[in-house]
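Undergrad: Let me begin by handing over the structure; questions about it come next.
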Amino acid sequence: MQILDNMTNTATAPAPPGTSSDPADRAAPPIAGRIAATFARLQADGRRALIPYVTAGFPFPDVTPALMHGMVRAGADVIELGVPFSDPMADGPVIQLAGERALAHGIGTAQVLAMVRDFRRDDAATPVVLMGYANPVERYDGIHGAGAFIRDASDAGVDGVLVVDYPPEECEQFAADLRARGMDLIFLLAPTSTDARMAQVARLASGYVYYVSLKGVTGAGNLDTGAVGAMLPRIRAHVRTPVGVGFGIRDARTATAVGAVADAVVIGTRLIQLIEHQPDAESVIQAAHDFLHGIRAALDTLPRPPAAAAAAPTGETA
């Protein structure tokens, strides 16, 4: 299945005439928000970001804010929160099922925003990114008025938005409106993304870019860390924002292999699998905590990346 490849690689027109070849000149200016501050702190410390993904309202409708806090205690640096949708074309069966269960619990965009507000009562520091599809965003605006999603997401404490089926050439205004409210627009890149596509993403992306390391849907295939390592320099030739890598990361071994070359490690499918059959909310939170704590500990054994080492103050060792 090549859905993600198609989404991240359509309409790959060349960059506009006169566009500089320097990524610094093409990139969207950074937003001075929680995501940028988090990556700056991690870079200064020579550490990689750990970004877990969970579907809002799964496996129980009221567990999500407490689960988010548990993941932060385990060492999560950014949280990706999935907005349930009935036709998640880029998701594999595990995350699709999580979304179906959340929808059956009555979880929609309004409920997801309420969960973020709840989380923000006790955590004003950890970035939260909503990940989902265009339909729920547009439906929310249709119900609550034009621009309501961006306004209400910002008011709830959301820091970034990743809309899987919004290609960059179709969402310049959306990106501008997010930036006006201090939120980042995060894009996907795939193994088949062309240089032209990367340049398009670079013009609008802020926060970080999410490189999906496998072709197809979430949870599919086996991770090829060599291919990931070969692809990231191509991406960084265009994109100045940090690069997170997801899809196929299931344990400390694969997390550290990716963390050796990436700025962030994103884990979703394996985390959903670990919590889906837990009997109660306390067990869900404990299972997620224990898994992510092990991943965090493994990532922290990695040496300081060369860029971070070069930026270290005089006298500081790597």
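A short reminder: the numbers here are calculations on the coordinates, not readings from a lab. As the structure is a prediction and not an experimental result, all values here were calculated from the model. Using ideal geometry, Cβ is built from the backbone for each residue, glycine included, and neighbour counts are taken over all protein chains shown.
Undergrad: Provide, as a two-decimal number, the C-alpha radius of gyration of segment 52-128 over 2.2 N^0.38 Å, N being how many residues it has. Numbers along the way, then the final one.
TA: Numbers: Rg = 12.0 Å, N = 77, 2.2 N^0.38 = 11.5 Å.
Against the compact-globule rule of thumb, the ratio is 1.05.
Undergrad: Would you mind classifying segment 141-286 by shape? Square roots of the alpha carbon gyration tensor eigenvalues, ordered a ≥ b ≥ c; an a/c under 1.5 is rounded, otherwise it is prolate if a/b is larger than b/c and oblate if not.
TA: Details: a/c = 2.15, a/b = 1.13, b/c = 1.90.
Oblate, because a/c is 1.5 or more while a/b does not exceed b/c.
Undergrad: To continue, here is another question. Which shape class applies to segment 157-199: rounded if a/c is under 1.5, otherwise prolate when a/b exceeds b/c and oblate if not, where a ≥ b ≥ c are the square roots of the Cα gyration tensor eigenvalues? Intermediate values should be presented prior to the final figure.
TA: Working: a/c = 2.60, a/b = 1.89, b/c = 1.37.
Because a/c hits 1.5 or more and a/b exceeds b/c, segment 157-199 counts as prolate.
Undergrad: Between L97 and A260, what is the label-point separation in nm under the 7 Å Cα-to-beta-carbon projection?
TA: Label at A260, label at L97, 3.3 nm between them.
Undergrad: Using alpha-carbon positions, what is the distance between the centroids of segment 30-74 and segment 236-303, in Å?
TA: 11 Å
Undergrad: Let me ask you something else. Just check segment 43-97 against the gyration tensor rule for me: Cα atoms, a ≥ b ≥ c as the square roots of the eigenvalues, rounded for a/c under 1.5, and otherwise prolate or oblate depending on whether a/b exceeds b/c.
TA: In terms of gyration-tensor shape, oblate.
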